[in-house]
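What follows is a single structure, written as structure tokens, with notes after it.
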Amino acid sequence: MSKPKVATTSLAGCFGCHMSLLDIDERILKLIDLVDFDKSPIDDIKEFTGRCQIGLIEGGCTTDENVRVLKSFREHCDILISVGDCATMGGLPALRNTVPLHECLEEAYLNGPTVHNPEKRIPSDPEIPLMLDRVYPCHEVVKIDYFLPGCPPSADTLWEALSALLSDKPVELPYSLLKYD
Ligand code: SF4
């Protein structure tokens, strides 16, 4: 019998949430017994090979490419989980939401103290993903089924949530796995 598939991606994230998933240590062997990884940086599969039971999203949306990937995950995954503070509320990248986009670009490419840009040009090649006006948490773009807070969520939090979903049990995480103070 074929195993359920899990896909993962990092949008505007730092890969720390993926590192936390790998931090489940020897339970990774059990996870591999339970699921096949589909599109994911973990196995470097670039495109979906079929329907996935679970999609794990790290990072929010800061470019049009992030939106495209997120919508494709919604399309291909039965259950979509926002993993970590960047996915659930924008996280650190959302600090730029307090500053207009044109000012962010000017600081990064023209006015910043370490910028060397003799042509005084802000990159605008069509190959470069288009920056959104602000950073959007995933649930503002597509329907999200579960939210796992933390920066990153702990390995135990990820393991407990995945184990419950893969055994058709309700995801009922204890407070100790959800508090970060
Ligand atoms: Fe990195 Fe934290 Fe964002 Fe996860 S939530 S992608 S660990 S900054």
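A short reminder: the numbers here are calculations on the coordinates, not readings from a lab. Since the model is a prediction, treat every value here as computed from it, not as a measurement. Methodologically, a virtual Cβ is constructed for each residue, glycine included, from the backbone with ideal geometry; neighbour enumeration extends over all protein chains shown.
Take the chain, mark every one of the GluC sites (Glu not before Pro) that falls in a DSSP loop and has at most 13 other Cβ within 10 Å, then report the longest stretch left between them, sites excluded.
Counting only loop sites that pass the neighbour cut-off, the longest clear stretch is 48-118.
Have a look at the chain and give its Rg and Dmax from the Cα atoms, expressed in angstrom.
So, for the chain, Rg and Dmax equal 18.0, 61 Å respectively.
Straight-line reach from residue 30: which lysines have Cα under 17 Å away, leaving out those fewer than 8 places along the same chain?
3, 5
Hey, can you grab everything whose amide H is under 5 Å from the amide H of residue 79? Only 5+ residues off in sequence or another chain; H modelled, so Pro and N-termini drop out.
Residues meeting the criterion, in which the H sits 1.01 Å from N, are 54, 55.
Quick one: Karplus J couplings for the range 35-49, per residue in order, coefficients 6.51, -1.76, 1.60, θ = phi - 60°, nearest Hz, x for Gly and Pro?
9, 10, 7, 9, 3, 5, x, 5, 10, 6, 6, 8, 10, 4, 9
Starting at the first residue of the range 126-136, write each ³J(HN,Hα) from the Karplus equation 6.51 cos²θ - 1.76 cosθ + 1.60 with θ = phi - 60°, in whole Hz, x for Gly and Pro.
Karplus values, whole Hz, x for Gly and Pro: x, 6, 8, x, 7, 5, 7, 4, 8, 8, 10.
GNM on the chain, C-alpha springs below 10 Å: top fluctuator among 155, 12, 164?
Among 155, 12, 164, the largest GNM mean-square fluctuation belongs to 164.
What FRET efficiency would be calculated for the residue pair residue 1, residue 99, taking the C-beta separation as r and a Förster radius of 45 Å, to the nearest 0.05?
0.30
Counting only DSSP beta bridges with both residues in the chain, tell me the antiparallel percent, nearest 5.
The answer is about 20 percent antiparallel.
Which entries in 46/179; 39/120; 71/169 show an alpha-carbon gap greater than 32 Å?
46/179; 39/120
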